[in-house]
Amino acid sequence: MVTLLVGTKKGAFLFEGDAGRRDWTLRGPFCDAWPINHMIADPATGTIHAGGGNEWFGPAVWTTHDRGATWTHSSAGLAYAAGETPIRSVWSLAKGPGGLYAGVEPAGLFHSADGGVTWTHLQGLRDHPSRPEWQPGGGGLILHHILPHPTDGRRLWVAISTGGVFCTEDGGATWEPRNRGTRQDYAPADQRYPEHGQCVHSLVMAAGMPDRLYQQNHCGMYRSEDAGRQWVSIEEGLPSSFGFPAAAHPRDPDTLFLLPLNGDTAGRFVPEAAAAVWRTRDAGATWQALREGLPQRNAFFGVLRQAMTTDRLTPAGLYFGTSSGALYASADEGEHFVCIAEHLPTITSVEVLEG
């Protein structure tokens with residue numbers, strides 16, 4: 001069974017699918033209708049975590065061990081030192097061999113060794129010398145992606161808007177910016193490729209190749225073969241250099257899914273108001289538009305940075321949710337889509353729990 005974990009501006013929802021991924025049952029909203037920015041699940045235990053909050057509620061991570069029947073939430077430890085700007089919300093979650101991680105606004109990283117009951121600030125990231133130069137993007141100064149290495153608990157990548165990509169290889173004590181080759185179109189010509197300060201939109205890891213990373217940036221689409229030390233552009237053939245979500249195939253490191261938008265100042269909806277997921281089978285050398293089952297007229301929606309994902313079945317399922325509250329599913333790697341829900345609140349994230 002596949003369960004879709006859907007975070008929205010008004011709570012968390014669970015969509016439980018049948019074996020064929022054709023019929024779906026909706027449950028929710030959960031988390032007292034808090035704004036939920038990201039949900040993840042531990043496939044080994046079935047535990048679901050949901051991160052969210054805002055200026056009214058503050059930050060918290062919600063947890064259910066029984067697929068939504070009961071929930072608890074905690075913000076214990078989700079705070080900076082006295083005198084610093086208070087944390088507004090949790091924006092991203094990840095589980096790796098080093099434990100459970102939460103990225104917050106304003107940008108910082110927290111770690112939990114007890115499944116989200118209590119949190120510890122990984123101070124090394126905010127101690128980086130570039131910290132005073134980080135600036136908020138359109139969604140705020142947020143740490144929105146966390147990529148733990150699959151086997152090495154000391155290695156971790158994060159993405160900050162607008163700070164860039166940073167990597168630690170010592171469990172978070174020290175951090176290195178990894179942005180070489182990604183540009184800032186909005187900077188003066190002689191400052192287009194800075195060491196940090198880029199507006200990253202999405203960061204994903206290739207299946208079975210943890211040093212191969214893909215990045216959708218405010219200013220282009222990129223691939224790195226050396227854990228982010230150098231990036232190369234792979235946007236040729238795409239309808240736009242701008243977008244938010246990217247999703248890696250669960251087994252093929254050369255296959256990536258992308259959902260471009262029409263630009264940062266042109267409305268931030270799908271190009272020509274005709275929806276398509278773009279797929280590469282050759283690590284970004286060429287791209288193909290996948291449109292079957294998606295609206296091709298008057299589709300003025302966007303898709304946010306955490307709102308597209310895949311499952312691990314064969315063929316892989318592909319799922320995304322829109323700013324207008326529609327949820328789309330494909331059981332054949334994007335060849336055909338169906339709309340499985342409409343009129344939800346704005347969808348902020350889509351993830352999968354299998355089994």
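The values are calculated or read from the model by the stated rules, or taken from the named source; none is laboratory data. None of these values were measured; they are calculated from a predicted model. Neighbour counts are summed over all protein chains in view; Cβ atoms, including those assigned to glycine, are modelled from backbone coordinates with ideal geometry. Just so you know, the surface numbers come from the protein's heavy atoms only, side chains and all, with ligands and any DNA or RNA stripped out. Shrake-Rupley method; radii C 1.70, N 1.55, O 1.52, S 1.80 Å.
How long are the semi-axes of the ellipsoid equivalent to the chain, from square roots of 5 times the Cα gyration tensor eigenvalues, in whole Å, largest first?
Calculated on Cα positions only, the semi-axes equal 27, 26, 19 Å.
So how much accessible area does R154 have, in Å² to the nearest 10, using a 1.4 Å probe?
Here the accessible area works out near 130 Å².
Per-residue ellipticity at 222 nm for the chain, helices alone: DSSP H runs ≥ 4 residues times -39500 (n - 2.57), over residue total, nearest 500 deg cm²/dmol?
About 0 deg cm²/dmol.
With every protein chain present, what accessible area does R27 have (1.4 Å probe, heavy atoms only), rounded to the nearest 10 Å²?
Counting only protein heavy atoms, the figure is 70 Å².
Using R₀ = 22 Å, calculate the FRET efficiency as 1/(1 + (r/R₀)^6) where r is the Cβ-Cβ separation of T118 and W56; round to 0.05.
Efficiency computed from Cβ-Cβ geometry: 0.45.
How big is the charge dipole of the chain about its Cα centre, in debye rounded to the nearest 20, if each Lys and Arg gets +1 on its Cβ and each Asp and Glu gets -1 on its Cβ?
I would put it at about 320 debye.
Which length gain, in nm to one decimal place, applies between D152 and Q230 when the Cα-Cα distance is subtracted from 0.36 nm times their residue separation?
Numbers: separation 78, 0.36 × 78 = 28.08 nm, distance 2.10 nm.
Length gained, D152 through Q230: 26.0 nm.
Points 7 angstrom from Cα along the Cβ direction at D185 and Q288: gap in nanometres?
2.7 nm
Keeping all protein chains in the complex and leaving out DNA, RNA and ligands, what accessible area do you get for L14 with a 1.4 Å probe, in Å² to the nearest 10?
Here the residue's solvent-accessible area equals roughly 0 Å².
Please give the residues of the range 330-355, grouped as numeric ranges, whose backbone N is less than 16 Å from a label point set 7 Å along the Cα-to-Cβ vector of A19.
Residues 355 fall inside that zone.
What is the local net charge at T63, summed over the other residues whose Cβ is closer than 15 Å to its Cβ (Lys, Arg +1; Asp, Glu -1)? Please report the intermediate quantities before stating the final value.
Values: positive: R67, K95; negative: D32, D42, D66, D114, E351.
Here the count lands on -3.
Once R0 is set to 30 Å, what does the formula 1/(1 + (r/R0)^6) return for the Cβ-Cβ distance between D170 and A82, expressed as a FRET efficiency to the nearest 0.05?
0.65
Take the Cβ-Cβ distance between R131 and R312 as r, set R0 to 51 Å, and report the resulting FRET efficiency rounded to the nearest 0.05.
After rounding to 0.05, the efficiency reads 0.90.
Convex hull over the alpha-carbon atoms of the range 1-158: what's its volume per residue in Å³?
124 Å³
Given labels modelled 7 Å from the Cα in the Cβ direction, how far is it in nm from D332 to L26?
That separation, rounded to one decimal, is 2.6 nm.
Which whole-Hz couplings ³J(HN,Hα) result when phi for each residue of the range 13-25 is put into the Karplus expression 6.51 cos²θ - 1.76 cosθ + 1.60, θ = phi - 60°, listed in order with x for Gly and Pro?
Using θ = phi - 60°, the values come out as 10, 10, 10, 9, x, 7, 4, x, 6, 10, 10, 10, 10 Hz.
Considering only protein heavy atoms, with the full assembly of protein chains and a 1.4 angstrom probe, order E133, E176, E272 by accessible area, largest first.
Most to least solvent-accessible, the answer reads E272, E133, E176.
Taking θ = phi - 60°, what integer Hz values does the Karplus form 6.51 cos²θ - 1.76 cosθ + 1.60 yield along the range 160-170, in sequence order, with x for Gly and Pro?
Ordered by residue, 3J(HN,Hα) equals 10, 10, 10, x, x, 8, 10, 10, 10, 10, 9 Hz.
So which residue, out of L313, L327, L344, gets the largest mean-square fluctuation from a GNM of the chain using Cα contacts under 10 Å as springs?
L313
Mind listing the phi-derived Karplus ³J(HN,Hα) values for the range 230-247, rounded to whole Hz, using 6.51, -1.76 and 1.60 with θ = phi - 60°, and x for any glycine or proline?
9, 10, 10, 6, 10, 8, 4, x, 8, x, 7, 8, 10, x, 10, x, 9, 9
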